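All of the numbers you see were taken from the coordinates with simple rules; none came from a lab. Note that this is a predicted model, so its numbers are computed, not measured. Here the Cβ is made from the backbone with ideal geometry for all residues, glycine too, and neighbour counts use every protein chain on show.
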Amino acid sequence: MRPDGRAPDSDPPVGATGGGPDDVRTTTSAAATEALGAEVARRLRAGDVVLLRGDLGAGKTTLVRGAAAALGATGRITSPTFALAHRYDGAAVRIAHLDLYRLAGLGEDDEDLIDEELAGDVVAFVEWPGPAEALIADRVALEVELAHAGDDRREARLTWRAAR
Ligand SMILES: Nc1ncnc2c1ncn2[C@@H]1O[C@H](COP(=O)(O)OP(=O)(O)O)[C@@H](O)[C@H]1O
Ligand SMILES: [Mg+2]
């Protein structure tokens, strides 16, 4: 801890408007992380983008799975690591699920693809948003930072960027 009482890893990302996370949760199973996804989904609207950060296996896709199911997606929700983007139909909105892990930077084609995926009435979840952050910053409603906390424990730090 530093004198100001915050752990170094709680520093807001560069460009963030607020301070630290609004809400820090610990889950102890994949099902609990899915339930957290379902909970946040209730606060999302068409046009929102959710950024998901955290190491491999931290639970980003698991959280999206719960959120997408809560939004009415019925199919299997799998990692779009290789496809870059998956789309699901929710009950009232379409859902875009991106994973930009494999993108080192953004080429023009990548920008077009991301624009296309985020166009219209979608709620979008973006894992490893790194290279696309500038492009999508103004649509970010929520940032979720997931971290391993031993065995099946995960810590989720939620930072809402849009008033809800
Ligand atoms: N509390 C938990 N929350 C989320 N996933 C968990 C948890 N405990 C164990 N797991 C397991 O960890 C893995 C998380 O994978 P995934 O969601 O694909 O991570 P990421 O998308 O961050 O790489 C899954 O195999 C899941 O079953
Ligand atoms: Mg993933």
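Determine whether L56 is more than 21 Å from A46 (Cα to Cα), in a loop (DSSP other than H, G, I, E, B), without any contact (Cβ under 8 Å) to a residue 12 or more places away in the chain and within 16 Å of ligand 2 (Cβ to nearest atom). Yes: the conditions hold for L56. Only residues that are over 15 Å from the mean Cα position of the chain (by Cα) and within 15 Å of ligand 1 (Cβ to nearest atom) were counted in region 117-153, giving 6.
A single member of T26, T78 is among the polar types (S, T, N, Q) and either closer than 20 Å to R139 by Cα or part of a strand (DSSP E or B) (or both), and it is T26. Restricting attention to region 66-99, the residues that are more than 21 Å from T33 (Cα to Cα) and buried (at least 19 other Cβ atoms within 10 Å of the Cβ) add up to 1.
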